Amino acid sequence: MAGDEKSKTHEERPVLAFDTSAAHCAAALLLPDRVIQRLEPMDKGQAERLIPLLEEVLAEGGLEWSDLKALAVGTGPGNFTGVRIAVAAARGLALGLGIPAIGVTRLEALAHGLPRPLRVIEDARRGEVYAQDFTEDGPGIARLADAHSLSSATNVTGGAAGPAALPPALPLAEAIARIGAERAATPQPRPAPFYLRGADAAPSTDPPPVILP
């Protein structure tokens with residue numbers, strides 16, 4: 001009924017999340033009663049696949065773009081070009097739809113739902129890792145560290161955390177969606193790529209999308 005539709009609270013409106021920070025194209029549509037997810041492994045082609053994938057997820061949920069409350073996007077750290085693809089898409093969609101886009105780092109998403117204190121450790125290559133500590137008081141500062149220089153931690157997770165790593169509580173895109181939904185209640189800065197190290201010397205042959213200031 002039309003009256004029922006108008007009576008929906010802001011919190012009940014869905015959030016669409018996506019991430020292309022690694023060799024994948026991932027999306028999650030957070031609905032009041034369920035989550036629709038997609039994860040497609042791919043080394044390249046995320047720029048061409050992302051929007052059709054999001055439209056497929058929306059269609060499965062029986063929704064239009066105008067039904068969304070907010071967008072949430074993975075901002076890295078990760079593949080330099082992949083991060084820019086997702087962030088540029090989020091900014092453009094948010095501008096066109098008139099809804100907020102919330103940036104969520106990969107480290108935050110991996111920590112979501114796991115016990116504190118917690119350290120997230122992800123491979124940064126070249127003998128280095130991305131690391132961030134999370135306590136009951138909140139997140140620490142994300143840093144680039146030597147893989148062998150980190151002190152021990154009670155709980156660890158992430159691709160470079162070793163055999164003691166806790167598995168993620170949620171798939172990456174769903175965690176991004178849930179964090180984005182929590183943050184959508186308050187004003188947020190526009191998403192921006194989260195880089196702890198600059199791009200490799202050899203750039204991709206495909207030019208990355210332009211990030212507007």
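Miscellaneous remarks
- Any hit, the range 113-123, residues being part of a helix (DSSP H, G or I) and open to solvent by 30 Å² or more (accessible area, probe 1.4 Å): no
- Only residues that are open to solvent by 50 Å² or more (accessible area, probe 1.4 Å) and under 14 Å from ALA124 (Cα atoms) were counted across the range 150-160, and they come to 1.
- Scanning the range 39-59 for residues that are touching a residue at least 40 places away in the same chain (Cβ under 8 Å) and open to solvent by 80 Å² or more (accessible area, probe 1.4 Å) turns up LEU39, LYS44.
- Inspection of the range 37-45 finds a residue satisfying the criterion of being of a type in the set (A, V, I, L, M) and modelled with pLDDT of 95 or more.
- Flag if PRO163 is in contact with a strand residue (DSSP E or B) (Cβ under 8 Å, 6 or more places away or on another chain), over 28 Å from GLY45 (Cα atoms) and open to solvent by 50 Å² or more (accessible area, probe 1.4 Å): no
- Residue, farthest from THR186 (Cα to Cα), within the range 71-104, restricted to residues that are part of a loop (DSSP other than H, G, I, E, B), open to solvent by 20 Å² or more (accessible area, probe 1.4 Å) and small (Gly, Ala, Ser): GLY78
- Filtering the range 132-176 to residues that are under 19 Å from the mean Cα position of the chain (by Cα), under 19 Å from LEU196 (Cβ atoms) and not in a strand (DSSP E or B) leaves GLY140, ILE141, ALA142, GLY158, GLY159, ALA160, LEU172, ILE176.
- Selection from the range 60-70 of residues that are in a loop (DSSP other than H, G, I, E, B) and open to solvent by 10 Å² or more (accessible area, probe 1.4 Å): GLY61, GLY62, LEU63, GLU64, LYS69
- Members of the range 91-135 that are at pLDDT below 95 and over 14 Å from ALA161 (Cα atoms): ARG126
- When the criteria are applied in full, ALA169 meets the requirement of being surrounded by fewer than 20 Cβ atoms within 10 Å (Cβ to Cβ) and at pLDDT 95 or above.
- Condition check for LEU16: within 16 Å of ALA184 (Cα to Cα) and either open to solvent by less than 80 Å² (accessible area, probe 1.4 Å) or modelled with pLDDT of 95 or more (or both): yes
The values are calculated or read from the model by the stated rules, or taken from the named source; none is laboratory data. Quick caveat, the model's predicted, so the values are computed rather than measured. Cβ: placed from backbone, ideal geometry, glycine included. Neighbour counts: every protein chain shown. To get the accessible areas, we keep the full protein, side chains included, count just its heavy atoms, and leave off ligands, DNA and RNA. Shrake-Rupley method; radii C 1.70, N 1.55, O 1.52, S 1.80 Å.
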